[in-house]
Amino acid sequence: MGKPKRVMGVCLAASLACLAYPIYVIRPFRAQGARELMVALTVIRYRPAVMAACALFALVALVRYWRGEGRWLRRTASAAGVLVVCAAALLSRVNIYELMFHPLDQPTFASADQTKLDGDEKVIAVGRGRSARAYPIRVMAYHHVVNDVLDGVPIAATY
């Protein structure tokens, strides 16, 4: 009975790691090393196949474990673990970065003397005719794109 339990445990650990590691590494305002970023992007690349395999192996192991285990509490616990593996596989299909980094469609502005920017704060400045806008980098870090209208012309400010 030990082998199906080990398979379910490995599948659970692998699926949670594949889900959590890229989210931990790739997040705003956190410095990433080149190596850890490379690993996180590699995990994202192969995650769909790994998660599908984990879910499949965990389900097969659960069936084998269920048939041999008579205690309902252990059966229920193993089923809950496999459910977590399947839920992680489904959650891994959601692109969290699209949810996190959505365009800012209706920015609000204040005159330069009314802003709360530090003197050293970086901005993206856009000018057209007699109109100008400044988009603080700390705001842009969450959105990456600001859709705006400047001097009657639609623009997209990004970095």
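Please indicate, with yes or no, whether at least one residue in the range 80-87 is out of contact with any Leu (no Cβ under 8 Å at 6 or more places or on another chain), over 30 Å from Ala141 (Cα atoms) and surrounded by 12 or more Cβ atoms within 10 Å (Cβ to Cβ).
Looking through the range 80-87, at least one residue is out of contact with any Leu (no Cβ under 8 Å at 6 or more places or on another chain), over 30 Å from Ala141 (Cα atoms) and surrounded by 12 or more Cβ atoms within 10 Å (Cβ to Cβ).
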Taking the range 104-159 and the residues there that are out of contact with any strand residue (DSSP E or B) (no Cβ under 9 Å at 6 or more places or on another chain) and over 30 Å from Arg27 (Cβ atoms), the one that is modelled with the highest pLDDT would be Arg130
Count - residues of the range 42-71 that are in a helix (DSSP H, G or I) and touching a Lys or Arg at 6+ places or on another chain (Cβ under 6 Å): 1
For the range 1-46, name all the residues that are of a type in the set (Gly, Ala, Ser), more than 27 Å from Ala79 (Cβ to Cβ) and surrounded by 14 or more Cβ atoms within 10 Å (Cβ to Cβ). Ala40
In the range 68-79, is there at least one residue being of a type outside the set (A, V, I, L, M, F, W, C), under 14 Å from Ala14 (Cα atoms), modelled with pLDDT under 95 and buried (at least 16 other Cβ atoms within 10 Å of the Cβ)? no
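The values are calculated or read from the model by the stated rules, or taken from the named source; none is laboratory data. Because the structure is a prediction, the values reported are computed rather than measured. Here Cβ is always computed from backbone atoms with ideal geometry, including for glycine, and neighbour counts include all displayed protein chains.
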